[in-house]
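Peer 1: Just passing along the structure, written as structure tokens.
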Amino acid sequence: MAYVAVWMDHNHAKLFTFVPGKVERVTMKREENHHHKTNHTDQEKKTAMHKFGKDLAHALEPAKEIYVIGSGTAKTEFKHYLEEHKIKKVSDKIVGMDGMEEGTDGEIEKKAHAFFKHRNVFEG
């Protein structure tokens, strides 16, 4: 099992999976319904956010521990989504949450590595 840090906002998520000897990176984007409409209804936005939350939760299922980092309210809204939809196999694995404006992948990885190292999950 791996330790996963996820940086997220309302439009995308960057997953950093710490496995022995390396870090695997994956970016997920919220799908938009682009039918040449400029004004999306609240229901369309809610549906897109629900699918994004569901897809992100599915991607995080294999993690042993999850560290959620993000800007604004996205991280707390995601945690609320997990609790509201009773996705305990993911919500119970969240061991930390922190605010961070979007940085480079290297900056996010460094912050996540320091968090997990402090939790003594890495050898040496």
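Where a number appears in this text, it was derived from the coordinates with a stated rule and is not lab data. Predicted model, so just to flag it, every value in this text is computed and none were measured. Don't worry about glycine lacking a Cβ; one is built from the backbone with ideal geometry, like all the others, and counts go over all protein chains shown.
Peer 1: Please list 19-25, 113-119, 58-64 highest first by mean number of surrounding beta-carbon atoms within 10 Å per residue.
Peer 2: For the peptides 19-25, 113-119, 58-64, the packing ranking is 58-64, 113-119, 19-25.
Peer 1: Once you keep just the Cα pairs under 8 angstrom separated by 6 or more residues, what percentage relative contact order results for the chain?
Peer 2: About 27 percent, as a whole number.
Peer 1: I'd like the Karplus ³J(HN,Hα) series for segment 67-72: coefficients 6.51, -1.76, 1.60, θ = phi - 60°, whole numbers in Hz, and an x wherever there's a Gly or Pro.
Peer 2: So the Karplus estimates, Gly and Pro as x, are 10, 9, 10, x, 9, x Hz.
Peer 1: Obtain the nm distance between the two label points defined at THR76 and LYS88 by a simple spin-label model: each point lies 7 Å from its Cα along the Cα-to-C-beta direction.
Peer 2: Reported label-point gap for THR76 and LYS88 is 2.5 nm.
Peer 1: How much of the DSSP beta bridge set in the chain is antiparallel, as a percent to the nearest 5?
Peer 2: If we restrict to bridges inside the chain, about 55 percent are antiparallel.
Peer 1: Sort all Cα-Cα distances of the chain into consecutive 5 angstrom bins from zero, then give the percent of pairs in each bin up to the one containing the longest distance.
Peer 2: In order of increasing distance, the bins hold 2, 11, 22, 23, 19, 12, 6, 3, 1, 1, 0 percent.
Peer 1: Considering the chain as a Gaussian network with a 10 Å cut-off on Cα pairs, which listed residue, ILE108, ILE87, ILE69, attains the greatest mean-square fluctuation?
Peer 2: Fluctuation is largest for ILE87.
Peer 1: Follow-up. Applying 1/(1 + (r/R0)^6) with R0 = 30 Å to the Cβ-Cβ distance of HIS50 and ASN120, what FRET efficiency is obtained, to the nearest 0.05?
Peer 2: The formula returns an efficiency of 0.25 here.
Peer 1: Jot down the per residue volume, in cubic angstrom and as a whole number, of the convex hull over the alpha-carbon atoms of segment 54-95.
Peer 2: So the per-residue hull volume is 62 Å³.
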